[in-house]
1. Grab the beta carbon distance between Thr46 and Thr132, set R0 = 22 Å, and tell me the FRET efficiency rounded to 0.05.
2. Give me a comma-separated list of calculated 3J(HN,Hα) values for the stretch 40-50, in order, Karplus coefficients 6.51, -1.76, 1.60 applied at θ = phi - 60°, integers in Hz, x for any Gly or Pro.
3. Per-residue accessible area for Thr115 at 1.4 Å probe radius, Å² rounded to 10?
4. Can you give me the distance in nm between label points at Phe99 and Val118, each placed 7 Å from the Cα along the Cα-to-Cβ direction?
5. Using a 1.4 Å probe, how large is the accessible area of Glu125, given in Å² and rounded to the nearest 10?
6. With a 1.4 Å probe and all protein chains in place, put Arg109, Arg119 in order of accessible area, largest first.
7. Net charge around Pro95, counting only other residues with Cβ within less than 9 Å of its Cβ (Lys, Arg = +1; Asp, Glu = -1)?
8. What residues qualify as long-range amide H neighbours of Leu85, i.e. H under 5 Å apart, gap of 5 or more or another chain, H built at 1.01 Å from N?
Amino acid sequence: MKSAPRMVASLLLPLGLVACLHAVTDAGSGMAGSPQLPDWLRAKITDYERQPARQAPSTIWRITHQGQPAYYLVSPCCDQFNPLLDANGREICSPSGGFTGAGDGKCPRPMDAGTDAVRLWAHPEQQDPPTTPPGLGAP
């Protein structure tokens with residue numbers, strides 16, 4: 001017969017491992033330390049994490065734009081454009097945000113039809129980050 005603390009430990013250890021595996025899987029989908037992120041984006045995320053939430057993007061999403069990977073940065077507040085960056089970190093357009101919320105009008109269809117958006121990062125101070133990228137609408 002096992003002692004109570006040993007039995008509890010034997011039950012909690014597998015749960016802890018599952019939780020760690022889930023965290024590693026989330027990180028593998030593109031958190032700051034992931035090798036799948038371009039170096040320029042990893043550096044930006046490091047910088048954003050040092051800033052208060054009111055000054056840095058709230059979330060960063062990877063989407064597909066005209067067949068290429070692109071990165072959608074959601075600004076922390078109203079009336080700011082939400083830029084879409086290409087794989088090299090150059091701004092393509094702002095599909096949403098600004099005074100009207102409709103962006104700069106340069107990319108009315110920022111996400112290729114049939115592709116998914118993947119949230120790569122959320123600011124550490126962000127409460128309940130969205131599960132879909134705000135402002136993109138249906139592809």
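The values are calculated or read from the model by the stated rules, or taken from the named source; none is laboratory data. Keep in mind the model is a prediction, meaning the values are calculated, not measured. Using ideal geometry, Cβ is built from the backbone for each residue, glycine included, and neighbour counts are taken over all protein chains shown. Note: accessible area is taken over every heavy atom of the protein model, side chains too, but ligands, DNA and RNA are not part of it. Shrake-Rupley method; radii C 1.70, N 1.55, O 1.52, S 1.80 Å.
1. 0.30
2. 4, 6, 4, 5, 4, 4, 4, 5, 4, 5, 7
3. 40
4. 3.8
5. 110
6. The ranking, largest first, comes out as Arg109, Arg119.
7. Within the 9 Å Cβ shell, the charges total +1.
8. Here Tyr71, Tyr72, Leu73, Ile92 satisfy the definition.
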